[in-house]
Amino acid sequence: VRTLGIFCHLIKDITQKGYEKKRGKLLAPFIPQIQGVDPSLQVDHRIQASSQVVPPGPKHSKARAVNSRDERFRSDLHTEAVQAALAKYKDRKVPMPSKRRSVLVQSSVEACTPPDTSSASEDEGSLRRQGRVTSSSPPYQAHPSVEHWFNRVIQCSSTSSSASSTSSHPGGRGQHSGNTTSASAATVLADLMAHTQLDNHFAPPDVTGLSEHSQFAEHPQVAPVRGLPRGYTHTGSAMETADGVPVNSRVSSKIQQLLNTLKKPKRPPLCEFFVDDFKELLDAQLPDPNQPKAEGVQMSPLRGEPLALVSSSASLLASLQRWGSTQPKSPCLTALDNAGKPVYTLTYGKLWTRSQKLAYTLLNKLSTRNEPLLRPGDRVALVFPNNDPVMFLVAFYGCLLAELVPVPIEVPLTRKVTSDSLYLTTAYRVFAVLRSHSAGRHRVKHHACFKCILKLSSGRAIRWPRLLWFVTDGKHVGKPPKDWSPPLRDARSDPAYIEYKTSKEGSTMGITVTHAAMLAHCHVLTQACGYVEGETITNVLDFKRDAGLWHGVLTSVLNRMHVISIPYSLMKVNPLSWIQKVHTYKARVAVVKSRDMHWSLLSQKDQRDISLSSLRMLIVADGANPWSISSCDAFLNVFQARGLRPEVICPCASSAEAMTVALRRPPEMGVPPPGKAVLSMSRLSYGVIRVDTEEKLSVLTLQDVGQAMPGALVCVVRPEGTPCLCRTDEVGEICVSSSSSGSSYFGLPGMTKNVFEMVPVTASGSPASDRLFTRTSLLGFVGPDNLLFVVGKMDGLMMVSGRRHNADDVVATALAVEPMKFVYRGRIAVFSVYVLHDERIVVVAEQRPDASEEDSFQWMSRVLQAIDSIHQVGVYCLALVPANTLPKAPLGGIHVSETKQRFLDGALHPCNVLMCPHTCVTNLPKPRQKQPEVGPASMIVGNLVAGKRIAQACGRDLAQLEDNDQARKFLYMQDVLQWRAQATPEHSLFLLLNAKGTVASTASCLQLHKRAERVSVALMEKGRLNPGDHVALVYPPGIDLIATFYGCLYAGCVPVTVRPPHPQNLATTLPTVKMIVEVSKSVCILTTQAIMKLLKSKEATAAVDVKTWPMVLDTDDLPRKKTPQMYKPPTPETLAYLDFSVSTTGILAGVKMSHAATTALCRSVKLQCELYPSRQIAICLDPYCGLGFALWCLCSVYSGHQSILVPPLELESNVSLWLSAVSQFKVRVTFCSYSVMEMCTKGLGSQAEALRLRNVNLSCVRTCMVVAEERPRINLTQSFSKIFKDLGLSPRAVSTTFGCRVNVAICLQPNRLGNVAEKGTAGPDPTTVYVDMRALRHDRVRLVERGSPHSLPLMESGKILPGVKVIIANTETKGPLGDSHLGEIWVSAPHNGAGYYTVYGEEALHADHFCTRLSFGDTQTVWARTGYLGFLRRTELTDASGERHDALYVVGALDETLELRGMRYHPIDIETSVIRSHKSIAECAVFTWTNLLVVVVELEGSEQEALDLVALVTNVVLEEHYLIVGVVVVVDPGVIPINSRGEKQRMHLRDGFLGDQLDPIYVAYNM
C-alpha cells in the first residue's frame, strides 16, 4: 500500500512549458551520455515531439500531420532512454556476417516486393500510392535507392566471407572518420593477407575467458598437408593481433573481432542453476539475495458492483423475438462495402424472420433417409468472410434458434488458418458448415468449392472431414409453415456457442459459452457500458470473436442497438472510415483497437469537418496492452479539438476464457477518475510493483483498464505453481469468478479444471473463497480506488533466468531504435524458445526492401544493445525477413505462434540473422572433475586393477595355430611371389574391372613375376638405383601398381605408393604428390607415360616447380629382361616399404614397414579371413595406404586367392559396379570403404528393384567388411543392410574393421555365415552397447539402455586378429585401465609398424607411438599407441575356443578431439546432431579456432534456407552438447574435403576457411 499510494494521479492536460520542464528534469542525469550519441541519431527528423503534448499552434499541428510513428509502441521518453543506452555501446564493434554475392542479389530482388498492407501499421499507404512495383518491371526501377544499393552491394561484396569488418560499427557512417580510416587500413592489410598461407596454425591462447580449461590441444605435426614442409622458408608475412593470435585472412580478423567483443565486460553471470550429473537432477535456482521482494499485505478478492436486472428477457432469443415482433423496422446492423457506402441494413424484423427460416431448414430440410442430419446440441461451423456481417448474424441466431451450437471459424486464407479450421471441425465434431457464396469463392481453385477439398495458394490439397456444406443464401433456405415456431427456452447451462482461441504454443482451443453465461455477459456489458435501447454503435473489430462478437452481435440485440460494422478491408483503404461513420451516424459508442486509433492519426489531416462530440464511450478493446496508452494519448491530443472528450476513452481488458474482465466506466456513472502508473521495468521483471522514484528512463507507463465487472469477484494469484494470492505490491495473473465467463475448453477436461475451476489459496494454504475462479491469462495488479492495471499477458510472458519479460515491452524497445528506415513498424514478432533448460528471446522483423545490408545489420546490433541495457536481458536471436513474408493473423498483425514454429522448423527464410548465445547462455553446466584414475600406487592383484579386471585382450596365438600354409617358410614377399610363379604359374591372382564391369586386365602368378622382373631391370639399368633407395610409385589403381611394387622389392628398393594427381584439379592434388615425393626422399618416380606428361605439363608448372622432380621413369614399354640377381635383404627387419598417408587432422607421415611385419600382416589376415587359393574376394578400396594397400598388393600373393579389383573411382560413372561384380563372381568375402558404402546407399537406394531385375544377387556374401580407421558408422551400415536386404544381403554379413597407422589391421570380423568355418575363426556377432554421451566427455564409460537420453550407440569393431594383443591405457599416467574404462588403445603385434619416417628426423617426437611400455604392471611388453580412445568390455558371449569374448569399442581419434570447457568432445557426435537438425543439411564438419567452435554445414537445397540453419545449428549443439557455437559457415555440397576412406579432412577445411577459400554461402559470427 505504501508503494502504490503515490503513483496514481488524475489524467490532466499538460502545457508545453510544463512538459519541457518535466522532460528536462528527467533527462538531466543523462545529458552527458546523450551528447555522446551519434549526432545523426540525436537530431534525426524521425524523432518527433512527445505524443502527450497538446499542439500549441498551427505550426505544431502541421508537423504532427506528417508524423508516421506508431505511438502505440513508443513514447519519446522511451526513445531517449534507448538512445542514452546505446551511447554506452558506441565504440563496440560487432563482426558483420558475410554473404555470397548471389544471396545478396537474390534477397534484395525478392525483398523489393512491397509488404502486404493488410497488417501494416504505419504509412505504407504512401508507398502504395506512389506506385506498386509490378512483376512486369524490374523492382529496382520503382525505388531509385534500391538501384544505388544494388550497385553498392555488387561492388562491395566478395564471393566469399570477406565483407569489411568495419561495416558493423554502431556509430553510423561518416561520423568517425578517424576510426574509419584506421579500420579501412586494417581491412586493406587483411586483403593483402587473404592469400597468405601459414605453415601451421598454432593453437592461440584462450582469450575468451569462457572456461577454466579451454586450452586447445593440438598434437605436434610431422608435416602440414596444405602449405609447404617445415624446411621451406615462408615468403609471406603473417599479421598478428595484440593478443599474439596469428591472423592470415579476413576471416581470421573477423574471428578476432568477435573475440574482442566477447572479452568486453559482461554482467556477472547468474548462479549456475543447472548441474549436469548422472542422476538427471537440476539444482533449484538460487534466488538473488539482492532481488526486490514484495512487501505489501496479502490481497483480498475484489468485488465488482452488484449486477442489476437490466432486461426482463429470459434469454437472448426472447429479446430477438421481442424486437423482431414489436420493432420490425428498427435497424439492427448496417454493412459497408470497401468504399465505405452502406450496402445493406438488416432490420430486427428481417433478422428474426431469416433466422427462423434458417433454423427450420437446418432442422427439417437437411435429412437422409427421412432422418434429420442435425439434432439439438450438434456443432455447426460458421465460415463467413469479414466483410459479410449480415449473413453471419443470421446464421448465428439461426443456429441458436435451432438449438445448434455455432462455432465461428475464419475463412481459410493460409495454411495455418486452414489447419486451425480443420482442427476445429474435427476436434469439436462439427456436423455441418454454414457459409456464404463469397466465402466459398475465397481462394478456392475449383468452382465446386468446399465440397471436400480446399486448395491453398501453395497448391497443397487440404482434405476436410466428412461434413455437410450449406450455403445460407435465400434460395437455399425454405420457408417454415405458419404453425411452426422455434423453441424459446430460458437461459440454461447447455452450450450456446464455441469461441476459439490460439494458445501461445500455436494450438487451437475452443471455449464453450453456455446460454446462461451468454445472457449474463450481455447484462454485465449493458450495465457497465450504460447501453440503452436504440443506441448506435460503431464496431471495427472482428464480429466473430472477442469484443466484436460480445458488443456487436450479442449485447446489441439484447438492447435493440444499431451496429455499424466497419470491415477490415475498408480500414486498409480508409483508416479514417470509422471516425467518419461515428460522425455520420452520430454514434454514441465505438469499439476499436489502439491500432485503429493510430491509423486514423495518419490520415486525419485531410479531414476538417469531423466531429466526435456524439461519442459518450470509446471502448479500446486492447487496453490490456500496456503500450496502448501512447495511442490513446496521441489520439486524444489530435481529436480533442474535434469534440472528443478525454473521459470518453474507456480501455477494457478481456480474455477468451473470462470474456470481459474489466472496463473503464463512462463518466456519467460516477466512478473514480482514471489513473496512471509509472513503474520500474526492472522491478516488474521480478514481479514486484515499484514506482520509479529515481526517475530512471527504463520505466513502464500504464493506464488503468477500469473497474471489475458487475457481479464479478476478482483476485490476483501467482502465475507459477500453487495459485496463491499475491501481495498488494506484487504482479500476478488476474482471475475472475463470474456467471458471465466461459465454462470449459471443449473436449479438454484436464485443462478445463486447471483454468476454469481454479481455487485461489492464502499464504497458509486455505482456500481464499468458496467460489471457483477462471484464469484470464492477464498479468496485472489492483491499484488504488480498486482500479485494475494490466502489465502484460501470459501468452507474451517470457521467463528468462527466473525473470519475467513481456514481449510487448521488448517490441517497444526494438522500435525505439530508428525503426522507420530499416524495418516495418507493427511487423515485429517477439517470442521465446526453450533451449538448454531456459527460455531464450527471439526477435523477428520484416526488413524494408530499400534497407542496405550494412544498415540493417547496424540496426540489429543496436537493437541487441538497447534491449540488453533497458531490460537487462540478452536477445538470443534477431532475424530480419524479407518484406511481406511473416505469417499474418486473419485480421492483420503477426501470427506469432506460426512465426515461432517456422523458426523452429527452419522455414522462416530470413535475410539477416544475428545470434547471441554467448550473451544469453549463462547456465552452462560446470565441467566436472575427472574421476581418479588408476595410478602407480594402485595395488595389482593378479589381473585386477582398482577392483576391475585389466582391460586386455588378444587374438589367437600364432604359435599354436597349425595350418598348411606353405608361404610361412618364406620371410620375404618377393620370395613368396617367386615360389608361386614356379608352383602355380597359371593361377590367376588379380582381375581388374573397368567402369563397364568387364575385365580390363588380369595377372597370373607367372605374369606378375615377369612384369616385376622387367621393372627391377629398369630400376637397376636405366635408373642406376642402389639397394635401399626410395622409389615413388605414381599409378592409378591397377595391376601396374602391384607389378612395380614387387619390381622394387626384386631390386632391393623401397617402394612408396602415391596417389596420382587429378588432371582437373592439379592445383590442389599435385602439391601433395610433390610433398610425399620429397618428404620420402624418393630418388626416382615410376609412373605411366600419361602421368609423366602430366607431371611436367604447363599446368603443373603453375602448381609446383617441375624442375625439381627426381628422375621419372615410365613403365609402359619395358624390355623383356630377367633380373640378373634377386636382392636378398640382410635381415627380416629391413625396411620393405613406406606407407604414407594423411590423417584427418592434416598430418602427413610415412610409416616404416619391415619385411617381417609385412609377412606377419599377410599371415594374420589370411588366418582371420580364411583365405586360400580357391577363394575369390572383391576389393573396392584405394590401394595407396593402410589395409587397402595390403589387401590390394600383398594378401593375394601371400595367400594365393584371387582378388577382383574394383577401383572406387569407377563407381562415379557406374554406382552399381561393385555390387554387380560381387554378384557376378559370387564372391563370399568383400572389402569396401565407408565412402563406397555411402555412394551405394545414396546412389542405389531407390534402384534396388532395378538391380534385382538385372539378376544382382548378394546372397553369396558371407562377409562384407568396411575398412576404416574410425568409430563404426552404425547408421550407414544399417542403412546399407536394409536397402540391399531385398537383393539377398544378410544384415549379419556387414561388419567393420579397425586399423590405424601403427597397425593397419587390429580387428577384422571373420566369416559369420555358413557352416564351413575353419575351427577357431567363428565368433559371435559384433555387439552394440549404448553409452552416455555426457560421460564420454569426461573420459568415462557409462552404459545405458537403448533409447535413453544422451545415449550413443557404439558397435564392436570386429574380432582381434591372430597374434594381436590389445590393452587400454590411461592417456596421462600410461597405466593400465580396468574393464569398461575409457582410455587409449595400445596394440602389440608382429605386424606393428617400425616407426615414422620423416625427412627432418622428428620421429623422436613420436617414438613412443611405436615403442612404449606401461608405467606399472606388465612393464616388459612393447606396445604401440594407436592414438584412438576406446574401451574393452568382456561380454557374456563365447568364441570358438570357449573363452568369453572381449569386445573392443573404438570411440574416436585423440588427435581429432576438441578440448572445450574442460571436456573432450568427438567431432562426429556434434556433426551427427547438426545433420539431424534440418533436412537440407547434407554434411557437416566442426573444428575449433581460438577456442571458438566453428561448424561448417553443406546446404543441399535453396540458398534461401542458408540462414535458417544458423539458429537450428546453434540450438542443437547447445541442447545436446552444452557448447556455444562461435561461427556457423554454410557452404555448397561437396566443399567439406573427404579422403579416400570417406573420412572428413577437418584440418584441411579449417585451413581453407581461415584462408578464405571456401566461397561460403553465408558466415554467421555468433555473439
Quiz prompt | Selected residue (only one of 1034, 1054, 1058, 1079 is more than 50 Å from the chain's Cα centre (by Cα) and of a type in the set (Val, Ile, Thr)) | solution = 1054
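Yes/no per residue for (1) hydroxyl-bearing (Ser, Thr, Tyr); (2) surrounded by fewer than 19 Cβ atoms within 10 Å (Cβ to Cβ):
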| site | (1), (2) |
| --- | --- |
| 970 | no, yes |
| 981 | no, no |
| 988 | yes, yes |
| 992 | no, no |
| 1000 | no, yes |
Quiz prompt | Candidates 1208, 1183, filtered to the one that is open to solvent by 10 Å² or more (accessible area, probe 1.4 Å) and over 21 Å from residue 970 (Cβ atoms) | solution = 1208
Practice problem: Evaluate the range 384-393: report whether one residue or more is within 24 Å of residue 538 (Cβ to Cβ), touching a Pro at 6+ places or on another chain (Cβ under 7 Å) and open to solvent by 10 Å² or more (accessible area, probe 1.4 Å). | Solution: yes
Quiz item: Across the range 807-831, which residue is nearest to residue 628 (Cα to Cα) among those that are at pLDDT below 85 and among the charged types (D, E, K, R)?
Solution: 825
Quiz prompt | Search result, residues across the range 907-934 that are among the hydrophobic types (A, V, I, L, M, F, W, C), assigned to a loop (DSSP other than H, G, I, E, B) and modelled with pLDDT of 85 or more | solution = 907, 908, 911, 916, 921
Quiz item: Considering 829, 879, 845, 866, which residue is in contact with a Ser or Thr (Cβ under 6 Å, 6 or more places away or on another chain), under 17 Å from residue 1507 (Cβ atoms) and among the small types (Gly, Ala, Ser)?
Solution: 829
Exercise. Please go through the range 698-715 and pick out each residue that is in contact with a Pro (Cβ under 9 Å, 6 or more places away or on another chain) and not hydroxyl-bearing (Ser, Thr, Tyr).
Key: 700, 702, 703, 704, 705, 706, 707, 710, 711, 713, 714, 715
Quiz item: In this structure, is residue 609 over 29 Å from residue 673 (Cα atoms) and either outside any helix (DSSP H, G or I) or modelled with pLDDT under 90 (or both)?
Solution: yes
Quiz item: Somewhere in the range 1251-1266, is a residue assigned to a loop (DSSP other than H, G, I, E, B), of a type outside the set (Asp, Glu), open to solvent by less than 40 Å² (accessible area, probe 1.4 Å) and within 23 Å of residue 1540 (Cα to Cα)?
Solution: no
Quiz item: Failed condition for residue 1125, given (1) open to solvent by 10 Å² or more (accessible area, probe 1.4 Å); (2) in contact (Cβ under 8 Å) with a residue 12 or more places away in the chain, with all others met?
Solution: (2)
Quiz item: Across the range 1208-1233, what is the number of residues that are among the charged types (D, E, K, R), free of Cβ contacts under 8 Å to residues at least 60 places away in the same chain and farther than 23 Å from residue 1175 by Cα?
Solution: 1
Quiz prompt | Enumerated strands (runs of 3 or more DSSP E) restricted to the range 970-1057, each holding at least 2 residues that are among the aliphatic types (A, V, I, L, M) and within 24 Å of residue 1079 (Cα to Cα) | solution = 1030-1034
Practice problem: Return a yes/no flag: does the range 1439-1451 have any residue that is in contact with a helix residue (DSSP H, G or I) (Cβ under 8 Å, 6 or more places away or on another chain) and either part of a loop (DSSP other than H, G, I, E, B) or surrounded by 17 or more Cβ atoms within 10 Å (Cβ to Cβ) (or both). | Solution: yes
Practice problem: For residues that are assigned to a strand (DSSP E or B) and either hydroxyl-bearing (Ser, Thr, Tyr) or free of Cβ contacts under 8 Å to residues at least 12 places away in the same chain (or both), scanning just the range 349-397, find the one that is nearest to residue 316 (Cα to Cα). | Solution: 372
Quiz item: When you look at residue 1419, is it without any contact (Cβ under 8 Å) to a residue 60 or more places away in the chain, within 30 Å of residue 1362 (Cα to Cα), open to solvent by 10 Å² or more (accessible area, probe 1.4 Å) and not in a helix (DSSP H, G or I), yes or no?
Solution: yes
Exercise. Test residue 769 against the stated conditions and say whether it is hydroxyl-bearing (Ser, Thr, Tyr), part of a loop (DSSP other than H, G, I, E, B), over 34 Å from the mean Cα position of the chain (by Cα) and modelled with pLDDT of 90 or more.
Key: no
Quiz item: Mind checking which pairs have a first residue in the range 1018-1044 that is touching a residue at least 12 places away in the same chain (Cβ under 8 Å) and within 17 Å of residue 1004 (Cα to Cα) and a second that is aromatic (Phe, Trp, Tyr) and not in a loop (DSSP other than H, G, I, E, B), Cβ under 6 Å, 6 or more apart or different chains?
Solution: 1039/990
Practice problem: Give me a count of the residues in the range 1355-1368 that are assigned to a strand (DSSP E or B) and surrounded by fewer than 24 Cβ atoms within 10 Å (Cβ to Cβ). | Solution: 3
Practice problem: Pull up the range 813-839, narrow it to residues that are aliphatic (A, V, I, L, M) and touching a strand residue (DSSP E or B) at 6+ places or on another chain (Cβ under 9 Å), then point me to the one that is surrounded by the fewest Cβ atoms within 10 Å (Cβ to Cβ). | Solution: 833
Practice problem: Could you grab me the full set of residues in the range 1024-1044 that are out of contact with any helix residue (DSSP H, G or I) (no Cβ under 9 Å at 6 or more places or on another chain) and open to solvent by less than 10 Å² (accessible area, probe 1.4 Å)? | Solution: 1038
Exercise. Hey, can you tell me all the residues within the range 694-721 that are β-branched (Val, Ile, Thr) and either open to solvent by less than 10 Å² (accessible area, probe 1.4 Å) or free of Cβ contacts under 8 Å to residues at least 40 places away in the same chain (or both)?
Key: 705, 714, 716, 717
Quiz prompt | Qualifying positions in the range 1211-1250 - more than 21 Å from residue 1273 (Cα to Cα), crowded, with 17+ Cβ neighbours inside 10 Å and of a type in the set (Ser, Thr, Tyr) | solution = 1216, 1220, 1223
Quiz prompt | Matching residues, the range 868-896, being touching a Phe, Trp or Tyr at 6+ places or on another chain (Cβ under 8 Å), surrounded by fewer than 21 Cβ atoms within 10 Å (Cβ to Cβ) and under 27 Å from residue 687 (Cβ atoms) | solution = 869
Exercise. From the list 1066, 1138, pick out the single residue that is aliphatic (A, V, I, L, M), over 30 Å from residue 1009 (Cα atoms) and under 55 Å from the mean Cα position of the chain (by Cα).
Key: 1066
Quiz item: If you check every pair at least six apart or on different chains, which have Cβ atoms under 6 Å apart with a residue in the range 317-337 that is β-branched (Val, Ile, Thr) first and a residue that is open to solvent by 10 Å² or more (accessible area, probe 1.4 Å) second?
Solution: 334/342; 334/345
Practice problem: Mind listing whichever residues of the range 289-341 are in a loop (DSSP other than H, G, I, E, B), open to solvent by 50 Å² or more (accessible area, probe 1.4 Å) and of a type in the set (S, T, N, Q)? | Solution: 290, 291, 300, 312, 327, 338
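The values are calculated or read from the model by the stated rules, or taken from the named source; none is laboratory data. A quick note: this is a predicted structure, and the numbers were derived from the prediction, not measured. Reconstructed Cβ throughout: ideal geometry from the backbone, glycine too, with neighbour counts over all protein chains shown. Quick note on the areas: whole protein, heavy atoms, side chains included, nothing else; ligands and nucleic acids left out. Shrake-Rupley method; radii C 1.70, N 1.55, O 1.52, S 1.80 Å.
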